[in-house]
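These notes are about the structure you will find just below.
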Amino acid sequence: IAKEVAKLLEMKAQLGTDEGKHKFVLKTPKGTRDFGPREMAIRERAFKAIIACFRRHGAEVIDTPVFELKETLMGKYGEDSKLIYDLKDQGGELLSLRYDLTVPFARYLAMNKITNIKRYHIAKVYRRDNPAMTRGRYREFYQCDFDIAGQFDPMIPDAECLKIVHEILSDLQLGDFVIKVNDRRILDGMFAVCGVPDSRFRTICSSVDKLDKMPWEEVRSEMVGEKGLSPEAADRIGEYVQLHGGLELIEQLLQDPKLSQNKVAKEGLGDMKLLFEYLSLFGITGKISFDLSLARGLDYYTGVIFEAVLLQQDNEHVEEPLSVGSVAGGGRYDGLVGMFDPKGRKVPCVGVSIGIERIFSILEQRLEASEEKVRTTETQVLVASAQKKLLEERLKLISELWDAGIKAEMLYKKNPKLLNQLQYCEETGIPLVAIVGEQELKDGVVKLRIVASREEVNVRRESLVEEIRIRTSQC
């Protein structure tokens, strides 16, 4: 023991005194951020609208662990697999942080032998990216997912997913948007008739997926230069991927001599036509664009794919117009659950993911520009006193209010000045003040002050809870 102690003392001496102590760098890790009360209030508002929509459509809620077995995630995300966060070996298991909520959902279905569910899941996901945080891109961020799993007639659940995106984006009032729609089968058929070898479908697909960020010339040179596609095949793809429209384009492609001969593409176009018929019944085709450049790089999509994009807005408050790109995306993935099922049983699924971080950055910037005051608490009433030595009475009253489910606060001072108490309400946006004074106590009443109008009314103590409820329901 003495030897070990001597060793440790020697090491301590080598390390020197505490004078050269390392200063902590106080910052959040790259690609993450803190959210203060104001940001959280804005964020909660957005979550509330999204959850209300999911529930309106009859979804149940689930949750899954933040990390999964590494093998569960590998091979599901195409070229994006390099962005998965791996964890060190933990107790003999190789683990990774979840990359999205879809693969854990498929694992959950297969593991529990569930063949039919409509669920939503709101949770954090992780990507080992170099993110542009100004555009709402992070390494840790929330996803809000809605999925319908089960064997149903074609395109009915798919149409409902698009309706949900339309409802949420309209409800959050983010400005003009368009929902681009395509189908993996149309893409695969198009690649086949353009002369892309089967083995290159997925890699060419992820090149096409970059068309919203890069001009066609750059995408073409990536296909030819990096991915070894023949220039002729690339040019043929170019003729298709620059097309977008509605029902008339679907009709036009159904007549296309090459595409109409391809069984897979024909099937996809037939379903796309059916989808547009349902969307017109929902009254939302004005915001939907059938777009052949939409590819969505993820490997697991098998049918309809879609992406909601906010259109460029000129905003006089912001020097540079805001462009945040995609704010929602999703599609059909009929084969993913079967990849986890030991017997390969398939469960058809279609779902949508709302990009809450990008939506949130728009709402935040908009509030900055409007200088609107954001309430960070839900307090309905402040319990105040008009004279000294009334702390006990304030405590008794606030306890009564809390027990009745009223959101109430008081200042943590024995004898606060009335002016300070009223000022606190002004600053925090509390709409009512319940004032106890010696005279009020004698009369069995509480003076209720409406902060905005400065009007004061005497309310009988036993009627106070009801009066606060009535007045705050009007706020």
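The values are calculated or read from the model by the stated rules, or taken from the named source; none is laboratory data. The shown structure was predicted, so the numbers you read here are calculated from the model rather than taken from an experiment. Note that each Cβ is placed from the backbone with ideal geometry, even for glycine, and that neighbours are counted across all protein chains shown. Quick note on the areas: whole protein, heavy atoms, side chains included, nothing else; ligands and nucleic acids left out. Shrake-Rupley method; radii C 1.70, N 1.55, O 1.52, S 1.80 Å.
General observations
- In the set Val264, Val241, Val304, only one residue is assigned by the TED database to the domain that holds Cys161 and over 26 Å from Pro348 (Cβ atoms); that residue is Val241.
- Residue count for the stretch 109-122, restricted to those that are out of contact with any Asp or Glu (no Cβ under 6 Å at 6 or more places or on another chain) and either buried (at least 20 other Cβ atoms within 10 Å of the Cβ) or closer than 19 Å to Gly331 by Cβ (or both): 4
- Matching entry among Glu440, Glu456 (being over 39 Å from the mean Cα position of the chain (by Cα), acidic (Asp, Glu) and assigned to a strand (DSSP E or B)): Glu456
- Of all the residues in the stretch 425-437, those that are open to solvent by 20 Å² or more (accessible area, probe 1.4 Å) and part of a helix (DSSP H, G or I) number 3.
- Applying the condition of being over 19 Å from Val352 (Cβ atoms) and at pLDDT 85 or above to the stretch 312-340 and asking which residue is most open to solvent (accessible area, probe 1.4 Å) yields Met339.
- Enumerated helices (runs of 4 or more DSSP H) restricted to the stretch 123-216, each holding at least 2 residues that are aromatic (Phe, Trp, Tyr) and open to solvent by less than 10 Å² (accessible area, probe 1.4 Å): none
- Long-range neighbours under 6 Å by Cβ, at least six apart or interchain, first residue free of Cβ contacts under 8 Å to residues at least 40 places away in the same chain within the stretch 438-465, second of a type in the set (Lys, Arg) and surrounded by fewer than 17 Cβ atoms within 10 Å (Cβ to Cβ): Gly444/Arg461; Val445/Arg460
- Matching helices (runs of 4 or more DSSP H) fully within the stretch 317-408 where at least 2 residues are charged (D, E, K, R), over 22 Å from Glu426 (Cα atoms) and outside the structural domain of Ser289 (by the TED database): 391-403
- Of note, Glu267 does not satisfy the criterion of being among the charged types (D, E, K, R), without any contact (Cβ under 8 Å) to a residue 24 or more places away in the chain, more than 30 Å from Phe47 (Cβ to Cβ) and surrounded by fewer than 22 Cβ atoms within 10 Å (Cβ to Cβ).
- Single residue of the stretch 80-106 satisfying the filter (open to solvent by 10 Å² or more (accessible area, probe 1.4 Å), part of a loop (DSSP other than H, G, I, E, B) and in contact with a Lys or Arg (Cβ under 7 Å, 6 or more places away or on another chain)) that is farthest from Arg137 (Cα to Cα): Leu94
- You will find that of Arg55, Arg43, the residue that is surrounded by fewer than 17 Cβ atoms within 10 Å (Cβ to Cβ) and assigned to a helix (DSSP H, G or I) is Arg55 and no other.
- Hey, Phe24 open to solvent by 70 Å² or more (accessible area, probe 1.4 Å), part of a loop (DSSP other than H, G, I, E, B) and aromatic (Phe, Trp, Tyr) or not: yes
- Residues that are among the β-branched types (Val, Ile, Thr) and out of contact with any Gly (no Cβ under 9 Å at 6 or more places or on another chain), drawn from the stretch 209-234: Val224
- Being part of a helix (DSSP H, G or I), touching a residue at least 24 places away in the same chain (Cβ under 8 Å), within 30 Å of Pro348 (Cβ to Cβ) and in contact with a helix residue (DSSP H, G or I) (Cβ under 6 Å, 6 or more places away or on another chain) is a description that applies to Ile50.
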